[in-house]
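Okay, so here's the structure we're looking at.
The values are calculated or read from the model by the stated rules, or taken from the named source; none is laboratory data. No experiment lies behind these values; they were computed from the predicted model shown. Every residue, glycine as well, gets a Cβ built from its backbone with ideal geometry; the counts of neighbours run over all protein chains shown.
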């Protein structure tokens, strides 16, 4: 059985270097009223984040856009529940929402946990970018999510990748503990007990980490057991005004696309998608719509329908490209020639979309080019186009597990915000597919509103 995957240019996850025991020198302190320097450090990191994001957006879109100043006070205010009638249609955060914000500079990783009351925890640790990347690679290697990518995903013919040596693979519990200690240090995890919705604002390659499987508590529970998890492309997305999640509207005019006709190509190897068609028929039935499949699912037809759709659901191949994410990253649809059916990230972000959410039931659609200001790829392109919530994957997905997870997710979307619906779907899928690689690959790109 084939899985929906895609080739990711680059070798970040195809090497394995174990971190030495003394890899990190940690300087930790917990924020309180007697430590105003922690607040100032946050404000300085937020200002740096803003500069990097402005530069990145200017280079990608050709013009500067306005970003408000960000401070720990302003973030806390955004997370506060709004009861004013003026915000009747604006999505607000629940009381138990928190932001996990990272900043990296001069071999120091800084981590803040902030909620509506302000900064709750802070830690600074000395660790190289290479060590962070290798810890991420260790986890992915232990899950076995990269070694088979060329077998199952679209890729250029003739490409050869040497898989990681099995003998060097860390046990999953050790790899998980390693990355958890880096990303959720003790002073932060001690403050997570009351958090129900966590927003991660990553830096470097941290956005590719499957946060749902991290185990920061002193038991066997996963992070997803305690809270929903969202990946925000930037700190400023936390304060972006969006409409409340409205399932009645979202299900009013959905577009469900699956298993498009993908012709043979001399340059590309593209696995078949037999399970994708079954998946979309089941999902479409839940949404009370008719799916677009096979040769009918052309790029022109899909884009035309997408512009006025309330929800987008694509079960097809996607390709991420770390060196050229806007042109080299695309979703595949039907065409007489393979390349004619590609909807690139650049084309997507130049389209005006009205959907409340996009679901990319394809492989590694969440990957792209890593910048200090975030990840540029397909998910970010949909957000620029106007879709505030994007569900995406971080690695090649198993067909059976994905179908089960997506059916549960869509059902829960009728009553829950997307972040919580995805959390519940993961917990349900884990009962029948216990391997973390099968239930934890999808993430919500956006915020839990």
Practice item. Considering (1) under 13 Å from residue 387 (Cβ atoms); (2) at pLDDT 95 or above, say which one residue 291 fails and leave the rest. Key: (1)
Review point. Which condition breaks for residue 302 when tested against (1) touching a strand residue (DSSP E or B) at 6+ places or on another chain (Cβ under 7 Å); (2) touching a residue at least 40 places away in the same chain (Cβ under 8 Å); (3) more than 20 Å from residue 358 (Cα to Cα)?
Key: (3)
Review point. If residue 236 satisfies every condition in (1) under 23 Å from residue 387 (Cα atoms); (2) in contact with a strand residue (DSSP E or B) (Cβ under 6 Å, 6 or more places away or on another chain) but one, which is the exception?
Key: (2)
Check your understanding: Of (1) touching a helix residue (DSSP H, G or I) at 6+ places or on another chain (Cβ under 6 Å); (2) at pLDDT 95 or above, residue 387 satisfies all except one. Which?
Key -> (1)
Revision key, fill the gap. When restricted to 27, 2, the only residue at pLDDT below 70, surrounded by fewer than 18 Cβ atoms within 10 Å (Cβ to Cβ) and out of contact with any strand residue (DSSP E or B) (no Cβ under 9 Å at 6 or more places or on another chain) is 2
Practice item. Tell me, yes or no, whether the stretch 237-258 has at least one residue that is crowded, with 24+ Cβ neighbours inside 10 Å and in a loop (DSSP other than H, G, I, E, B). Key: no
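Collect the residues in the stretch 170-185 that are in a loop (DSSP other than H, G, I, E, B) and more than 19 Å from residue 110 (Cα to Cα), keeping them in residue-number order.
Of all residues in the stretch 170-185, those in a loop (DSSP other than H, G, I, E, B) come to 170-171, 184-185.
170, 171 - these are the residues of the stretch 170-185 that are in a loop (DSSP other than H, G, I, E, B) and more than 19 Å from residue 110 (Cα to Cα).
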Review point. Going through the stretch 115-136 one residue at a time, which ones are in a loop (DSSP other than H, G, I, E, B) and under 16 Å from residue 104 (Cα atoms)?
Key: 127, 128
Point to revise | Positions within the stretch 396-415 being touching a helix residue (DSSP H, G or I) at 6+ places or on another chain (Cβ under 6 Å), part of a loop (DSSP other than H, G, I, E, B) and modelled with pLDDT under 90, in sequence order | key: 396, 398
Revision key, fill the gap. For the stretch 186-233, the count of residues that are free of Cβ contacts under 8 Å to residues at least 40 places away in the same chain, closer than 24 Å to residue 138 by Cα and outside any loop (DSSP other than H, G, I, E, B) equals 2
Check your understanding: Out of all the residues in the stretch 277-286, which are closer than 23 Å to residue 300 by Cα and out of contact with any helix residue (DSSP H, G or I) (no Cβ under 8 Å at 6 or more places or on another chain)?
Key -> 277, 280, 281, 284
Review point. What residue, of 109, 19, 64, is surrounded by fewer than 16 Cβ atoms within 10 Å (Cβ to Cβ) and either in the same structural domain as residue 179 (by TED's automatic domain parsing) or modelled with pLDDT under 90 (or both)?
Key: 64
Check your understanding: Which ones in the stretch 272-288 are surrounded by 19 or more Cβ atoms within 10 Å (Cβ to Cβ) and either assigned to a loop (DSSP other than H, G, I, E, B) or without any contact (Cβ under 8 Å) to a residue 12 or more places away in the chain (or both)?
Key -> 273, 287
Exercise for review: Give the residue, chosen from 312, 326, that is more than 20 Å from residue 397 (Cβ to Cβ) and within 18 Å of the chain's Cα centre (by Cα).
Suggested key: 326
Point to revise | Matching residues, the stretch 198-216, being surrounded by fewer than 20 Cβ atoms within 10 Å (Cβ to Cβ) and either outside the structural domain of residue 121 (by TED's automatic domain parsing) or at pLDDT below 95 (or both) | key: 204, 205
